[in-house]
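The values are calculated or read from the model by the stated rules, or taken from the named source; none is laboratory data. Keep in mind the model is a prediction, meaning the values are calculated, not measured. Backbone-built Cβ (ideal geometry, glycine too); neighbour counts: all protein chains shown. Remember, those area values only see protein heavy atoms, side chains included, never the ligands or the DNA or RNA. Shrake-Rupley method; radii C 1.70, N 1.55, O 1.52, S 1.80 Å.
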Amino acid sequence: MKKILIKCGGSVLDQLSEEFFESIEELVKKGHQIIFVHGGGPDINQMLETMNVTPIFVNGLRRTDAKTLKVVEMVLSGKTNRKLVEKLTKNRLQAIGVNGSDAGLFQADYVNKEELGFVGEIQAVNKSIIQLLLSKGMIPVITPIAVARDGEKLNVNADYAAAAIANALEVEHCLFVTDVDGIKIRGEIQSEITIEEIHHHIQSGEIYGGMIPKVQSALSALKKGVESVMIVSGKNKFFNNQSWKGTKIIGKEMVIQ
Ligand SMILES: Nc1ncnc2c1ncn2[C@@H]1O[C@H](COP(=O)(O)OP(=O)(O)OP(=O)(O)O)[C@@H](O)[C@H]1O
Ligand SMILES: [Mg+2]
């Protein structure tokens, strides 16, 4: 059965349209297995604000001290994950929440403990729990928190967590659902973009901030053999009668091993 990984941005979680869920339903009816990984930037920032903590980002990654980590876990697992599972359930989809830190799902190393604190880079994925849920016809909804070798929990950027799952499960499609219709260059949404163009536009600054981990994850998934990767909006219908709407990332340098 074909698997589709959907990374749902925290940026758009509160704005997911009915058409978005129709697209998911259409894919399920076509026999695809769906796995969600979610972000939660706005929910986390809102909670940090009430605690008078100012978010700090280094190259698009959230600097995470011990206090921030507690907030990240509480908000992602306790609020954002619950919200997405509820929305899917209300739309007749059998969703189940899973913490990335449970059953060794995400095992990670510190990216740079001094600079970023408790931020992880996924090294290994225990995919058996996800395969089990998929075999029962369920839609796993995964929170991007990992466990380090020393047992500490680590905060993982949701785009990177999505790529790790896509690669481990050898999914066919990978979708990054966000709050824009795709990648904009000089104000125009691109229907396709190549690796070379991505590198060029990161250099030129046309691709910046939260779009950077997204395109990096897209390129990593394509390199590992994921067939197609797209950036789509959660505000619209992204799949309609076999066709997709958004920016398709073209992996021209794709190496299949
Ligand atoms: N070239 C670009 N085209 C479109 N959006 C871009 C571009 N470069 C940067 N962005 C920014 O990237 C944002 C999407 O990334 P962001 O990290 O904010 O959201 P997300 O990943 O969907 O949510 P979360 O990080 O909470 O999971 C857009 O809202 C836009 O501001
Ligand atoms: Mg993001």
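What shape does region 46-128 take by its C-alpha gyration tensor, where a ≥ b ≥ c are the square roots of the eigenvalues and a/c under 1.5 counts as rounded, a/b above b/c as prolate, and the rest as oblate? Verdict is oblate for region 46-128. For region 38-119, the set of trypsin sites (Lys or Arg not before Pro) satisfying both a DSSP loop assignment and a count of at most 11 other C-beta atoms within 10 Å is given as Arg92. Measuring spread by the Cα atoms of the chain yields a radius of gyration and Dmax of 17.1, 49 Å.
What trypsin sites (Lys or Arg not before Pro) in region 135-207 are in a loop by DSSP, with at most 10 other Cβ atoms within 10 Å of the Cβ?
Details: sites: Lys136, Arg149, Lys153, Lys184, Arg186; in loops: Lys136, Arg149, Arg186.
The qualifying sites are Lys136, Arg149, Arg186.
Region 73-187 has equivalent-ellipsoid semi-axes of 23, 20, 15 Å, by the square roots of 5 times the alpha carbon gyration tensor eigenvalues, sorted largest first. With the convex hull drawn around the C-alpha atoms of region 110-250, the volume per residue stands at 130 Å³.
At most 12 other Cβ atoms within 10 Å plus a DSSP loop assignment makes a site exposed; report the longest stretch of the chain without any exposed GluC sites (Glu not before Pro). All intermediate terms of the calculation are to be shown ahead of the outcome.
Details: sites that count: Glu170, Glu253.
Longest gap between qualifying sites, sites excluded: 1-169.
Rounded to the nearest percent, how much of the accessible area of the chain (1.4 Å probe, protein heavy atoms only) is carbon and sulfur?
48
Straight-distance candidates among the aspartates and glutamates for linking to Lys153, with alpha-carbon spacing under 15 Å and chain neighbours fewer than 8 residues away dropped: Asp65, Glu73, Asp102, Asp109, Glu121.
Largest GNM mean-square fluctuation across Ile189, Ile212, Ile142, computed for the chain with C-alpha springs under 10 Å, falls on Ile189.
Computed with the Debye formula from one identical point scatterer per Cα of region 5-103, without solvent, the log10 of I(q)/I(0) at q = 0.11, 0.12, 0.14, 0.23 Å⁻¹ comes to -0.38, -0.45, -0.59, -1.25.
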